[in-house]
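Student: The structure is given below, and queries will be raised subsequently.
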Amino acid sequence: MRPLHTFAPLRLKKVDMKTEKLQNMKGGWFIGNFEPSLLKTNDCEVAVKTYKKGDYEEAHYHKIATEYTVIIAGRVKMNGIEYRAGDIIVMEPNESTDFEALEDGTVNVVVKVPGANNDKYVGATQ
């Protein structure tokens, strides 16, 4: 049986892609309206963060942004609840949480939507 269509081979042009090192980003944040940033935008903020056991961030909240945290490796405690690799935590505006890494090499991805400068408030929700 003959194929219905024949296609010419696709010829791809070799392109040098832009690259950067995560270690050159401030606190793992690499997309958002800040410097340095690979994509300067107010639509969202994205970070890949690595922690050592015992690293701690005091409680904070956002008035505008929703914050999504994906635990990639390790274990963390947020508001006294333990989360592990594969868990996704959604922090809506005006919800507060603290953060503690429970293992060395803990890695998480954080996405904030929208990206809102000066939208981090330390302490419990007002």
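Student: VAL113 - would you say it is under 29 Å from THR19 (Cβ atoms) and among the β-branched types (Val, Ile, Thr)?
Tutor: Details: under 29 Å from THR19 (Cβ atoms): yes; among the β-branched types (Val, Ile, Thr): yes.
When the stated conditions are applied, VAL113 passes them.
Student: Hey, could you check the stretch 98-118 for residues that are part of a loop (DSSP other than H, G, I, E, B) and at pLDDT 95 or above and say which is nearest to LYS52 (Cα to Cα)? Spell out the reasoning first.
Tutor: Going through the stretch 98-118, the residues part of a loop (DSSP other than H, G, I, E, B) turn out to be 102-105, 114-118.
This time we only want the ones that are at pLDDT 95 or above, so: 102-105, 114-115.
Numbers: LEU102: 8, GLU103: 6, ASP104: 4, GLY105: 6, PRO114: 28, GLY115: 26 Å.
My answer is ASP104.
Student: Tell me which residues, restricted to the stretch 38-47, are outside any loop (DSSP other than H, G, I, E, B) and either loosely packed, with under 15 Cβ neighbours inside 10 Å or free of Cβ contacts under 8 Å to residues at least 24 places away in the same chain (or both). Can you show your working first?
Tutor: Here is the first cut: in the stretch 38-47, the residues outside any loop (DSSP other than H, G, I, E, B) are 39, 45-47.
LEU39, the sole residue that qualifies.
Student: Looking only at the stretch 55-97, count every residue that is exposed (fewer than 15 other Cβ atoms within 10 Å of the Cβ), part of a strand (DSSP E or B) and touching a His at 6+ places or on another chain (Cβ under 8 Å) and tell me the total.
Tutor: Within the stretch 55-97, residues that are exposed (fewer than 15 other Cβ atoms within 10 Å of the Cβ), part of a strand (DSSP E or B) and touching a His at 6+ places or on another chain (Cβ under 8 Å) number 0.
Student: Report, by residue number, each residue of the stretch 59-90 that is over 20 Å from ASN117 (Cβ atoms) and of a type in the set (D, E, K, R). So that I can check it myself, show each step before the final result.
Tutor: First pass over the stretch 59-90, keeping only residues over 20 Å from ASN117 (Cβ atoms): 59, 70-90.
Passing the criteria: ARG75, LYS77, GLU82, ARG84, ASP87.
Student: Return yes when PHE30 is buried (at least 18 other Cβ atoms within 10 Å of the Cβ), in a strand (DSSP E or B) and in contact with a Leu (Cβ under 6 Å, 6 or more places away or on another chain) and no when it is not. If you could, list the steps in order and put the result at the bottom.
Tutor: Working: buried (at least 18 other Cβ atoms within 10 Å of the Cβ): yes; in a strand (DSSP E or B): yes; in contact with a Leu (Cβ under 6 Å, 6 or more places away or on another chain): yes.
Yes.
Student: Between a residue in the stretch 87-99 that is β-branched (Val, Ile, Thr) and any residue that is assigned to a loop (DSSP other than H, G, I, E, B), which pairs come within a Cβ distance under 7 Å, given they are 6 or more apart or on different chains?
Tutor: Sorted first by the residue in the stretch 87-99, then by its partner, the pairs are THR97/ASN79.
Student: Taking ARG75 and the conditions (1) touching a residue at least 12 places away in the same chain (Cβ under 8 Å); (2) closer than 16 Å to ALA124 by Cα; (3) more than 15 Å from the chain's Cα centre (by Cα), which numbered condition does it fall short on, given that it satisfies the others?
Tutor: (2)
Student: Assuming THR50 fulfils every condition listed in (1) surrounded by 16 or more Cβ atoms within 10 Å (Cβ to Cβ); (2) without any contact (Cβ under 8 Å) to a residue 12 or more places away in the chain apart from one, which condition is it?
Tutor: So THR50 meets the others, but not (2).
Student: Among the residues of the stretch 10-44, write down those that are more than 17 Å from ALA65 (Cα to Cα) and among the charged types (D, E, K, R).
Tutor: ARG11, LYS13, LYS14, ASP16, LYS18, GLU20, LYS21, LYS26, GLU35
The values are calculated or read from the model by the stated rules, or taken from the named source; none is laboratory data. For clarity, every value in this text was computed on a predicted model and none was experimentally measured. No Cβ is skipped: glycine too gets one built from the backbone with ideal geometry, and neighbour counts run over all protein chains shown.
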